[in-house]
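Remarks on the structure that follows.
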Amino acid sequence: MGSAAAPLRVLVDMDGVLADFEGAVLREFRGRFPAEPRVELEQRRGFSVREQYRSLREDLAAKVASVYESPGFFLDLDPIPGALEAVQEMLHMQDTEVFICTSPLRKYEHCIVEKYKWVEKHLGPEFVERIILTRDKTVVAADLLFDDKDTIQGAEPNPSWEHILFTCCHNRHVQLPAPRRRLRSWADDWKAILESKRRQ
């Protein structure tokens, strides 16, 4: 590399990292189906909420999916504590590029436009220009990816980014092998992760 180092490019996932998907699923499911068994946040295991509900009873998979496939669901998600402040701070850090990298649902009718509206509502129009919508994050070039999905696979077997696992209810129990890293919350020292990557 030359004397002018390229900026550090950071990808930040949306659901479970910026927006509280899990809390909203539970709250809406409880409201809509109060008599049905449900998975409390401390019982969540595995990335797919739909599959965990299916393991309780086959028909519950469609019921929980009907919650997050409903109009207004993604638009009304609460921000994760500290998330908005962190990405705004990243945006203004020297030699740093930040993008929101998010995967839409396969049943995408409401999800896609609501993700854009959510970003504009909570982070402003400048961040709308920084949305990368893809079903395969492995093909996106960056230095870091903050994501709550513990295993990310796709067309590229060796993505350019280091995956930082963002702690969410469904991945708390996951033991990461060295040298993989985790960010426990936005109150954790995310700046140290960026700086350590910058020095590599």
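Summary of values
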read-out	value
Alpha carbon centroid spacing (whole Å) that separates region 74-114 from region 13-29	12
222 nm mean residue ellipticity, helices alone, for the chain (DSSP H n ≥ 4; -39,500 (n - 2.57); rounded to 500)	-9500 deg cm²/dmol
Which listed pairs, of K107/K197; K115/K197; K121/K197; K63/K137; K115/K149; K137/K197, have C-alpha distances above 25 Å, in listed order	K107/K197; K115/K197; K121/K197; K63/K137
Per-selection Rg to Rh, region 1-122 - Cα, Kirkwood hydrodynamic radius	1.08
Spin-label pair R199/S160, simplified geometry with 7 Å Cα→Cβ offset, distance in nm	2.4
Highest average packing first - 172-182, 121-131, Cβ atoms within 10 Å	121-131, 172-182
Burial ranking of peptide ranges 134-147, 7-20 (average Cβ count within 10 Å, highest at the top)	7-20, 134-147
Mean Cα-pair separation over length for region 12-121, i.e. relative contact order, pairs under 8 Å, 6 or more apart, %	33
For region 81-200, convex hull of alpha carbons as volume per residue, Å³	126
Contact order normalised by residue count of region 1-70, Cα under 8 Å, 6+ apart, percent	23
Degrees, to the nearest 10: 190-199 long Cα axis against longest axis of the chain	40
Modelled FRET efficiency - R0 41 Å, L133 with D59, Cβ distances, 0.05 increments	0.85
Crossing angle, helix 21-32 versus the chain [Cα axis fit, 0-90 degrees, rounded to tens]	10
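Read-outs: derived from the displayed coordinates by stated rules, not from any lab. All figures in this text were calculated on a predicted structure; none of them were measured in a lab. Please note: Cβ atoms are built from the backbone with ideal geometry, for glycine as well, and neighbour counts cover all protein chains shown.
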